[in-house]
Structures are given as structure tokens and as C-alpha cells.
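Peer 1: Mind looking over this structure? Questions follow.
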Amino acid sequence: MRAEIVSIGTEIMFGEITDTNASYIAGQLPQYGIDLLWVTQVGDNPARLTEALKRALDRSDYIFTTGGLGPTEDDITREMVGAAMGEELFVDPEQEALLRANFARRGIDPMPPRNIKQAMRIPSARVLENPRGTAPGWWVERDGKVIVVMPGPPAETHHMWETLVAPELERRADAILVSRTLKTVGLGEAALDEALTSVLSGTNPSIGTYARADGVALRLAAKAKTREEAQALIAPVEAEIRRLIPGAIWGVDDDSMSAGVGRMLREQGLTLGLMESASGGAIASAITDVDGSSDYFRGGIVSYATEVKTMYGVPAETIATHGLYSRETAEAMAKAARVALKSDLGLGLTGIAGNEPLEGQPAGTMHLALADADNVEYMTFRFLQGREQTKRRAVQQALILLRKYLIERAAKGTH
């Protein structure tokens, strides 16, 4: 089955937003045996959008559209899908009632007249409910062609896909391709390839390696009649991989490093406090992106100014003697964070996130330290691809240092 994605919105054409919906849908289609052959981006122009939709209908079995379902005059997806299919729109009474009730619940009564267009559909369209927004989607099917019309906001698109579109695609699929991603750290691609030689030759499941910012990922993919059969093919291969590279896998699929570290902190009954400078609070942000992080995260001090470091316990003589960007200052920050925030562990980060060298050190140099009641662990690295990327790498390295400490502590049976 051939598919095409049509991403709709002038804001995409102007580069004002990134078309993340297309990449999301593209990543979902292979498991249903659907081949994505084209991705089209088109602005809110009636003639060009109609042309794009007619072209998609001529060459594709499935067309997935996102965007253009709002209530304003330039939201024209419904009208242009109708034009491409040769069908007239009408107001669906059931959808109108649901829409008016939705606005009433939000304290907006009467509903703005322009929103009535969001209750319209064409005869061949089946409504896809959208509990996360006001614009329902459509499942349009006629003459062996399917157009799936979805809203533009990613949160709405993803929810509609997961709850309504994906189950329908799976029901229709002749075979299911299931993938599982194992996330590793501490081993490069070559080292992983060598360690996993005995399992890499398989074809179902197949194994691919991909270098990413958070380590090297192993993608296991298996095809079978049902999802359960495919998962049964993957399970023994995953078990063998875990045996071959013990301790290297820190997460699976959508796991984040911060979630994995958080689980380990919770399991070991430890709390964490931070004092970070160069990352500007990014480490604390990553840790608190995880639900339930208050179980183990005490708080963070963003000590950008020197006086803030000394205010929270970093000795002024340490900074004066060794400099702001040094092992000694990072270690003092880790100890100070632990004391100030009354946590079991303290993490300190100082470094040069900008593009100019400071204190005789190259730009991108970072100093990380992790303190417990008895010892301090330290690491340094240099990475420079602009301030934002350098900060992201600092977050990743901080989490890697934490993970290493927690693994070693668990291995020792420390409680």
C-alpha cells in the first residue's frame, strides 16, 4: 500500500513551525505494511491544496493530512478535501451539538459563529473525535482510496492517531512489523557490533544500530501476522543481547536517560540536589520532566553568578585559587549543593557554554562532579556545537555520571 502525507499550513512554508507531524506519521506507517512514498507541504491556498490532494489521490492508496481544521477563513482543509472528492459539505447535527457543549463547558456560550465549520463534513467522511481540541478529524473512504484528515497541533494529532487511526490500520494490515529500541551507553557502534556478532545475522527480527545524542540505539524489528507473534520473536533476541552487553542498556523505546536515572534513585532511596552553572538549569529541567521526580529530586541552584556560588557554600578561596572553570570548583559546587539542599547526592557543573575560551580553557569545556557523604566523583569533557547543543550535551553527561555512580553502588550492594 502506497501512502502520502500532506502537511497543510502557510506557517510551515514560511519556516515558522517545524513539520513534526510528518516525521511522527512516517515513523508509524512501516509497522502496518504501508510504504510512505511522498511527503507534500502546501500552504493555505485553495488552488494549490486542491491540486496537491488530487495528485495524492491519483498516486497513493492512503493520504494523511494534518492542519487546516481551525475555525478561521484560511482553514480550508475540509473544503478542499471536499473539492478533491467532488462532494459538498454539510453541518453534521451530532457534531454541532458536541461542539456547542464543548464551548459551554469552557464557559463560552454561545459558541462563536465561525466555529460551526468545525462541525461540517462530506458524505464519505466518518468523524474522528478529538477530545484534545475543537476540530474533529475525518476518515474518508471511497473507490479504494483513504484520506485521513487530522488536526495540526501535535498533541491532538498524536492522540487521534494512537486512539483511532492506528487501531484501524492494524485491523486492516496483512502483517504487523513490530520494533523495539534498546538504548545503550558506554559502547560505540564498532564495539557493539563486535559484541553482538552472534545475533546480528538474523533477519526476523533484524537488528540495526544508530548513533544518537544519548548513546547508540539498537533497533529490533520483527514481522508476523499479529503484534503478539512479532513480540514473541523479539523477546529471546533481546534477552540474548542483554546477556552479551550487561549494564550497557539504560532504556527502551521512548525512555529518557533522566527517567532511567530517576528509577534508580527511587529504587535506591536516594535524593539529589544540583548546583549548575553553564547549563542554566537544563539538568533540573530534564530531571523534572519525569512524573514523580519529586520523590528523589530535592531541587536545583542555578548559580550563574560567582556570588551565588559562594552564597550557597562554595568557598571563595577555591574559586580564586583554581578559577570558575575547574575540577576543584565543580567538586565544591557538588558538595555545597548536597549540604544546602539536604540531599544524599550533590551534582555540580561549571564550564564554558559560549563560543569563546575563558581562563585559558577552550570553549565547550565542562567540569562535572558528583558528591555523596564520603566521596566525590569527577569527569570533564569538551564539546562545542553552539551554546544550545553544548548545554544539551552537558545534561546528557551529567546523567551518564549519575547512572554510572548508581550502577556501581547497586553492584556493591550499598543501601
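Peer 1: So which residues in the range 297-319 are in contact with a strand residue (DSSP E or B) (Cβ under 8 Å, 6 or more places away or on another chain) and either assigned to a helix (DSSP H, G or I) or surrounded by fewer than 19 Cβ atoms within 10 Å (Cβ to Cβ) (or both)? Reasoning before the result, please.
Peer 2: Step one: list which residues in the range 297-319 are in contact with a strand residue (DSSP E or B) (Cβ under 8 Å, 6 or more places away or on another chain), which gives 297-303, 308-309, 312, 314.
Arg298, Gly299, Val302, Val308, Lys309, Tyr312, listed by residue number.
Peer 1: With respect to the numbered conditions (1) in contact with a strand residue (DSSP E or B) (Cβ under 8 Å, 6 or more places away or on another chain); (2) buried (at least 17 other Cβ atoms within 10 Å of the Cβ); (3) outside any helix (DSSP H, G or I); (4) not charged (D, E, K, R), which one is the sole condition not fulfilled by Thr329?
Peer 2: So Thr329 meets the others, but not (3).
Peer 1: Residues Ile17, Ile8, Ile12: which one is free of Cβ contacts under 8 Å to residues at least 60 places away in the same chain, buried (at least 16 other Cβ atoms within 10 Å of the Cβ) and within 18 Å of Thr77 (Cβ to Cβ)? Walk me through how you get there before you give the answer.
Peer 2: On the way: Ile17 fails: buried (at least 16 other Cβ atoms within 10 Å of the Cβ); Ile8 fails: free of Cβ contacts under 8 Å to residues at least 60 places away in the same chain.
When all the criteria are applied, what remains is Ile12.
Peer 1: With respect to Met120, is the statement that it is in contact (Cβ under 8 Å) with a residue 40 or more places away in the chain, assigned by TED's automatic domain parsing to the domain that holds Thr10, more than 24 Å from Pro167 (Cα to Cα) and touching a Phe, Trp or Tyr at 6+ places or on another chain (Cβ under 9 Å) true? Please lay out each step first, then the result.
Peer 2: Working: in contact (Cβ under 8 Å) with a residue 40 or more places away in the chain: yes; assigned by TED's automatic domain parsing to the domain that holds Thr10: yes; more than 24 Å from Pro167 (Cα to Cα): yes; touching a Phe, Trp or Tyr at 6+ places or on another chain (Cβ under 9 Å): yes.
Against the criterion (in contact (Cβ under 8 Å) with a residue 40 or more places away in the chain, assigned by TED's automatic domain parsing to the domain that holds Thr10, more than 24 Å from Pro167 (Cα to Cα) and touching a Phe, Trp or Tyr at 6+ places or on another chain (Cβ under 9 Å)), Met120 qualifies.
Peer 1: Can you tell me how many residues within the range 264-289 are crowded, with 18+ Cβ neighbours inside 10 Å, part of a helix (DSSP H, G or I) and either within 19 Å of the chain's Cα centre (by Cα) or modelled with pLDDT of 95 or more (or both)?
Peer 2: Matching residues across the range 264-289 total 6.
Peer 1: How many residues does the range 308-331 contain that are without any contact (Cβ under 8 Å) to a residue 24 or more places away in the chain and within 25 Å of Gly364 (Cβ to Cβ)? Show your work before the answer.
Peer 2: Here is the first cut: in the range 308-331, the ones without any contact (Cβ under 8 Å) to a residue 24 or more places away in the chain are 308, 310-311, 315-322, 328.
Now restrict to residues that are within 25 Å of Gly364 (Cβ to Cβ): 308, 318-322, 328.
Matching residues across the range 308-331 total 7.
Peer 1: Inspect all residues belonging to the range 181-191 and state whether any of them is surrounded by fewer than 14 Cβ atoms within 10 Å (Cβ to Cβ), over 21 Å from Gly260 (Cβ atoms) and at pLDDT 95 or above.
Peer 2: The answer is no, given that none of the residues of the range 181-191 is surrounded by fewer than 14 Cβ atoms within 10 Å (Cβ to Cβ), over 21 Å from Gly260 (Cβ atoms) and at pLDDT 95 or above.
Peer 1: Would you confirm, using the coordinates I've provided, whether Lys342 is touching a strand residue (DSSP E or B) at 6+ places or on another chain (Cβ under 9 Å), farther than 27 Å from Gly215 by Cα and in a helix (DSSP H, G or I)?
Peer 2: On the way: touching a strand residue (DSSP E or B) at 6+ places or on another chain (Cβ under 9 Å): yes; farther than 27 Å from Gly215 by Cα: yes; in a helix (DSSP H, G or I): no.
When the stated conditions are applied, Lys342 does not pass them.
Peer 1: Return the total of residues in the range 138-165 being surrounded by 13 or more Cβ atoms within 10 Å (Cβ to Cβ) and closer than 15 Å to Met1 by Cα.
Peer 2: 5
Peer 1: Do we find that Ile287 is β-branched (Val, Ile, Thr), outside the structural domain of Ala213 (by TED's automatic domain parsing) and within 26 Å of Phe381 (Cβ to Cβ) in this structure? Working first, answer last.
Peer 2: Values: β-branched (Val, Ile, Thr): yes; outside the structural domain of Ala213 (by TED's automatic domain parsing): yes; within 26 Å of Phe381 (Cβ to Cβ): yes.
Against the criterion (β-branched (Val, Ile, Thr), outside the structural domain of Ala213 (by TED's automatic domain parsing) and within 26 Å of Phe381 (Cβ to Cβ)), Ile287 qualifies.
Peer 1: Return the residues of the range 62-81 that are buried (at least 20 other Cβ atoms within 10 Å of the Cβ), more than 28 Å from the chain's Cα centre (by Cα) and of a type in the set (Val, Ile, Thr); say none if nothing qualifies.
Peer 2: Once the filter is applied, which keeps residues that are buried (at least 20 other Cβ atoms within 10 Å of the Cβ), more than 28 Å from the chain's Cα centre (by Cα) and of a type in the set (Val, Ile, Thr), the range 62-81 yields Ile76, Val81.
Peer 1: Can you name the residue in the range 200-232 that is assigned to a loop (DSSP other than H, G, I, E, B) and among the β-branched types (Val, Ile, Thr) and is also surrounded by the most Cβ atoms within 10 Å (Cβ to Cβ) among such residues?
Peer 2: Here is the first cut: in the range 200-232, the residues assigned to a loop (DSSP other than H, G, I, E, B) are 201-205, 213-214, 225-226.
Checking which are among the β-branched types (Val, Ile, Thr) leaves us with 203, 226.
On the way: Thr203: 9, Thr226: 13.
The extreme case among them is Thr226.
Peer 1: I've got another one for you. List the pairs whose first member sits in the range 44-64 and is not assigned by TED's automatic domain parsing to the domain that holds Val6, whose second member is assigned to a loop (DSSP other than H, G, I, E, B) and surrounded by 15 or more Cβ atoms within 10 Å (Cβ to Cβ), and whose Cβ atoms are under 8 Å apart, counting only residues at least 6 apart or on separate chains?
Peer 2: none
Peer 1: Being surrounded by fewer than 18 Cβ atoms within 10 Å (Cβ to Cβ) and either under 33 Å from the mean Cα position of the chain (by Cα) or part of a helix (DSSP H, G or I) (or both) is the requirement here; does Ala239 meet it? Outline the logic, then answer.
Peer 2: Values: surrounded by fewer than 18 Cβ atoms within 10 Å (Cβ to Cβ): yes; either under 33 Å from the mean Cα position of the chain (by Cα) or part of a helix (DSSP H, G or I) (or both): yes.
Taking the combined requirement at face value, the residue satisfies it.
Peer 1: Considering every residue within the range 235-248, establish whether at least one is modelled with pLDDT of 90 or more, β-branched (Val, Ile, Thr) and in contact with an Asp or Glu (Cβ under 6 Å, 6 or more places away or on another chain).
Peer 2: Scanning the range 235-248, I find no residue that is modelled with pLDDT of 90 or more, β-branched (Val, Ile, Thr) and in contact with an Asp or Glu (Cβ under 6 Å, 6 or more places away or on another chain), so the answer is no.
Peer 1: Within the range 368-391, which residues are in a helix (DSSP H, G or I) and under 16 Å from Leu274 (Cα atoms)? Reasoning before the result, please.
Peer 2: First, pick out the residues of the range 368-391 that are in a helix (DSSP H, G or I): 387-391.
Within the range 368-391, Lys391 is the sole residue that qualifies.
The values are calculated or read from the model by the stated rules, or taken from the named source; none is laboratory data. Please read all numbers here as calculations on a predicted model, not as lab measurements. Note that we place each Cβ from the backbone using ideal geometry, even for glycine, and neighbour counts take in every protein chain shown.
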